[in-house]
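Data block below; observations after.
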Amino acid sequence: MSQESGKRNGIFGVVAALLGVFIALAIVEFALGALKPRIDPAGRMDEGFILYDERLGWKLAPGWEGQHEHHDFSVRYGVNSLGFRGEALDFARPGSVMFLGDSFTFGLGVNDDEVFTRLLSEKTGRNVLNAGVPGYANDQQLMLLEKLTDYRPAEVVWMVYLGNDLLDNGEAFPLQAAHGKPFYSLSAGQELALNNVPVPLRPKPESVRSRSVQSEILGEFDPYQRWQTWIDGVALGRVINQWAGIDVEGLRAHIQAHSGPKVELFMALVERGQSLVESAGGTLKVVLLPGQGYTRGESIPAVYQGVMSEMLEARLEGAGLPVLNLTDDLSGQENAAALFHPNEGHFNPQGHRWLAEMLAKAPMFQGMFRSM
């Protein structure tokens, strides 16, 4: 074989190898992209679950009962005549413990008898009320609390979901829902002002649709190296980036430096809530609840939730408010990801059992619940 022929064969071999790698990567990219659309993030819900509300944006339909089908689960929800989960008559019973929150509190993804509030009620002998409404941010929860204090609960536990609650506060549209909402703003004198009420019935603007939890966390900060940014637009690239990691310390510093206004607004909302509850003869406690993103190692959502939990815990304690931060408890689980529906992201039945146990044994709740 001539030297020239050998060179040609060598070049052909290199080209063939590169082509093979390219084809293999293309196949992997196609597989990753093809699998994702098969799972609808929201699943399918029987009609009528949500109603428009001119003051709160939306509410649960009183008396509704229906099925929620998802790749991860098939469950049924019941909504009482007041618009909440659980028995309506329980809201009139004295000495109750009321949980205020969003879809994690409501128990999206589990049946009525699997929700942590139901488990606490059955196992501890206390009347535990569930006032969670899917999608509500802390500003809507505060507005709802103004009505709920009419039931004069002995204890109100405000469940603050660390995933996106603070990001949605002060916004006319939440990041992960299509409905408009009311919101509070803070004046120069740190006074709360209510905006966007009555809530207009209009489509979510495209400028808001393009925003996401990740984009709001990052802003102008890029946690990736240049080559990681270049490949992040494809499914395989995102998998590689998860393996390669991010600039954790830089992201922590960015979150700490840019979250001040959201934290100040949050504190104003909670302090207003504390005043409402105390004026009705009750006490307010706050639980900082991490989500599935916190189980993903040193990812963007995990870093964000960790930093926010530290900032909020310090501020709440400084204001004299009882607070339970569950981030350490979650990270201490041997397989924390197993507490969540893998694709849908909310707590599964095991997660609700874990949450009920954490609440029942927390020193902050001693005397409120008997041991489970």
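M364 satisfies every condition listed in (1) of a type in the set (A, V, I, L, M, F, W, C); (2) at pLDDT below 95; (3) not in a helix (DSSP H, G or I) except (3).
For L119, state whether it is open to solvent by 20 Å² or more (accessible area, probe 1.4 Å), more than 24 Å from E54 (Cα to Cα), touching a His at 6+ places or on another chain (Cβ under 9 Å) and among the hydrophobic types (A, V, I, L, M, F, W, C).
Working: open to solvent by 20 Å² or more (accessible area, probe 1.4 Å): yes; more than 24 Å from E54 (Cα to Cα): yes; touching a His at 6+ places or on another chain (Cβ under 9 Å): yes; among the hydrophobic types (A, V, I, L, M, F, W, C): yes.
In short, yes.
Among the residues of the stretch 187-222 satisfying the criterion of being in a strand (DSSP E or B) and open to solvent by less than 50 Å² (accessible area, probe 1.4 Å), which is nearest to A257 (Cα to Cα)? Residue satisfying both the conditions and the ranking: L192. For the stretch 133-149, a residue qualifies if it is of a type in the set (V, I, T) and crowded, with 24+ Cβ neighbours inside 10 Å, and exactly one does: V133.
Somewhere in the stretch 269-290, is a residue closer than 26 Å to L108 by Cβ, open to solvent by 50 Å² or more (accessible area, probe 1.4 Å) and in a helix (DSSP H, G or I)? The answer is no, given that none of the residues of the stretch 269-290 is closer than 26 Å to L108 by Cβ, open to solvent by 50 Å² or more (accessible area, probe 1.4 Å) and in a helix (DSSP H, G or I). The residues in the stretch 212-259 that are more than 30 Å from F173 (Cβ to Cβ), at pLDDT below 90 and of a type in the set (D, E, K, R) can be counted, and the count is 1.
Residues in the stretch 91-115 that are touching a strand residue (DSSP E or B) at 6+ places or on another chain (Cβ under 7 Å) and of a type in the set (D, E): D102, D112. Taking the conditions (1) modelled with pLDDT under 95; (2) of a type outside the set (D, E); (3) outside any loop (DSSP other than H, G, I, E, B) in turn, Q176 satisfies each one other than (3). With respect to R55, is the statement that it is basic (K, R), more than 20 Å from the chain's Cα centre (by Cα) and at pLDDT 95 or above true? Yes. Being in contact with a Lys or Arg (Cβ under 8 Å, 6 or more places away or on another chain) and open to solvent by 60 Å² or more (accessible area, probe 1.4 Å) holds for only one residue in E47, E87, E65, E54, and it is E65.
Does L166 meet the test of being free of Cβ contacts under 8 Å to residues at least 12 places away in the same chain and farther than 26 Å from Q366 by Cβ?
Considered against the rule, which asks whether it is free of Cβ contacts under 8 Å to residues at least 12 places away in the same chain and farther than 26 Å from Q366 by Cβ, L166 comes out as no.
The rows are residues; the columns are (1) without any contact (Cβ under 8 Å) to a residue 40 or more places away in the chain; (2) acidic (D, E); (3) under 23 Å from L330 (Cβ atoms); (4) outside any loop (DSSP other than H, G, I, E, B).
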residue: G135; (1), (2), (3), (4): no, no, yes, no
residue: Q140; (1), (2), (3), (4): no, no, no, yes
residue: T149; (1), (2), (3), (4): no, no, no, yes
residue: P153; (1), (2), (3), (4): no, no, no, no
residue: V160; (1), (2), (3), (4): no, no, yes, yes
residue: E171; (1), (2), (3), (4): yes, yes, no, no
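When N130 is tested against (1) within 17 Å of S96 (Cα to Cα); (2) in contact with a Ser or Thr (Cβ under 9 Å, 6 or more places away or on another chain); (3) surrounded by fewer than 18 Cβ atoms within 10 Å (Cβ to Cβ), just one condition goes unmet, and that condition is (3). Within the stretch 304-318, the set of residues being open to solvent by 10 Å² or more (accessible area, probe 1.4 Å) and closer than 16 Å to V157 by Cα comprises E313, E317. Out of the residues in the stretch 92-116 that are of a type outside the set (D, E, K, R) and surrounded by fewer than 22 Cβ atoms within 10 Å (Cβ to Cβ), which is nearest to D150 (Cα to Cα)? Among them, the one singled out is A92.
The values are calculated or read from the model by the stated rules, or taken from the named source; none is laboratory data. From a predicted model like this one, the values you see are computed outputs, not experimental measurements. Virtual Cβ from ideal backbone geometry, glycine too; neighbours counted across all protein chains shown. For the accessible areas, the whole protein counts, side chains as well, though only heavy atoms, and no ligand, DNA or RNA atoms are used. Shrake-Rupley method; radii C 1.70, N 1.55, O 1.52, S 1.80 Å.
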